[in-house]
Amino acid sequence: MRSFLRTLLDDKSAVTAIEYGLIAGLIAVVIIAILTTLGTDLANLFNAVSGGLQDATTNAN
């Protein structure tokens, strides 16, 4: 029993797996934040272009 507990305490692979999981989670949060910001900026850009085109067609008539 003692050797089993000692083996569990000396095993570092679980700690490494947790670290990799935390890093992957952090990367996912950063990607989501970037995509959300870019999505909002792109929506604003398309709305501005659409508004400009509507103004141009209205003024042309």
Could you report the accessible area of residue 49 in Å², rounded to 10, computed with a 1.4 Å probe on the protein chains as they sit in the structure? 80
In Å², rounded to a whole number, the accessible area per residue of the chain with probe 1.4 Å is 91
Taking all protein chains together and a probe of 1.4 Å, list 50, 13 from the most accessible to the least accessible. 13, 50
With semi-axes √(5λ) of the Cα gyration tensor in Å in mind, check (1) 30, 12, 8; (2) 59, 5, 4; (3) 20, 16, 10 and report the label derived from this structure. (2)
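The values are calculated or read from the model by the stated rules, or taken from the named source; none is laboratory data. Remember, it's a predicted structure, so these values are computed and weren't measured experimentally. For accessibility, only protein heavy atoms count, side chains too; no ligands or nucleic acids. Shrake-Rupley method; radii C 1.70, N 1.55, O 1.52, S 1.80 Å.
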